[in-house]
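Accompanying notes for the structure given below.
The values are calculated or read from the model by the stated rules, or taken from the named source; none is laboratory data. Everything numeric in this text was worked out from a predicted model, so none of it was measured. Note: ideal-geometry Cβ built from the backbone for every residue, glycine included; neighbour counts use all protein chains shown. Side chains are part of the model used for accessible areas, which takes the heavy atoms of the whole protein and leaves out ligands, DNA and RNA. Shrake-Rupley method; radii C 1.70, N 1.55, O 1.52, S 1.80 Å.
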Amino acid sequence: MHDVFIMLTNSIKNISIWSILDIIVVSLIFYKGYVLIKETRAEQLLKGIVLILILIPVSYLLRLDMLYFILSKTITIGVLTIIIIFQPEIRRALEHIGRSAFEDIHVFQDDEALDKVVTEIVTAVENMASTKTGALIAIEQSTRLGDVIQNGTILDAKVSSALLENIFVVNTPLHDGATIIRNDRIIASGCVLPLTSNTNINKKLGTRHRAAIGLSENSDALVIVVSEETGTISLAVNGRLTRNYDKEKLKNILTKIVKNRRDKKVKTLGERVKTWILQVKRKI
């Protein structure tokens, strides 16, 4: 027991700051990975993989040769299998990392301009909800939606409630797709969005709601939906759909999310600049 204590003591003494940093980084990666797959089908698949990894040494120790052979061969081709099975989750994780590390600050810098655009959007949404006019509006954030915009009709017009309402008039050419807003411009309409693959959402939700969730899973866009059946206003953010908004509630949440993301990114960028300046000073 004394020898074990001495060994542990010596190990702790030999730990450097880089070893601690290494442990923190690895722990953070595992934690972020768990958060990304939590409550998705990938979580159940991961449990199955962990079970296989546990059974391999157990089957070897118990001399269960056939089981050991099958499990070891399964692991051999497991990397390719995992990439195929986890493709949506891997893509979402890489996009999340890309947004966090390399995103540009191209959202509203002027609070007055932000308030004006949000007011125009929520006014149009409220009017369409009162007439049960179906609508799907995506407000672009840090993740560019160029691939989505390309499959629609380019408008590049100033955001106004009248134009948004006109776009979604029933039986007009653009009413059945999504409208993409970038800052104070309506960039495109009639865009096709990716549908969510989440099987746990309400079965009563239609294609518009599934498309809204799908885009919010693959980007940081804010996606507004107006139901043509009930006139209910919904908002999809980060793969989650919340419903039953009124004009004021929708305006407040949109403004809050955009400002928080912008301020957080500006703060992060400022910290990076300060760190870079300190490094330069030390070298000088």
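Numerical summary
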{"quantity": "Placed amide H near I201: partners under 5 Å, 5+ positions off or other chain", "calculated": "none"}
{"quantity": "Exceeding the 29 Å Cα-Cα cut-off - candidates K158/K259; K158/K251; K158/K203", "calculated": "K158/K203"}
{"quantity": "Label-point gap, in nm, between I49 and K73 - each point 7 angstrom along Cα→Cβ", "calculated": "2.2 nm"}
{"quantity": "Hydrodynamic radius by Kirkwood, which averages 1/r over all alpha carbon pairs of the stretch 111-265, in angstrom", "calculated": "15.2 Å"}
{"quantity": "Estimated distance in nm for a label pair at I23 and N260, the labels positioned 7 Å out from Cα along Cα-to-Cβ", "calculated": "3.3 nm"}
{"quantity": "Net dipole in debye of the stretch 111-265 [+1 Lys, Arg Cβ; -1 Asp, Glu Cβ; about Cα centre; nearest 20]", "calculated": "480 debye"}
{"quantity": "Nearest-10 value in Å² for the accessible area of Y31, using the 1.4 Å probe", "calculated": "130 Å²"}
{"quantity": "R144 accessible area, 1.4 Å probe, all protein chains in place, Å² to nearest 10", "calculated": "120 Å²"}
{"quantity": "Sorted peptide list for 176-183, 125-132, 228-235, criterion being average Cβ within 10 angstrom, highest first", "calculated": "176-183, 125-132, 228-235"}
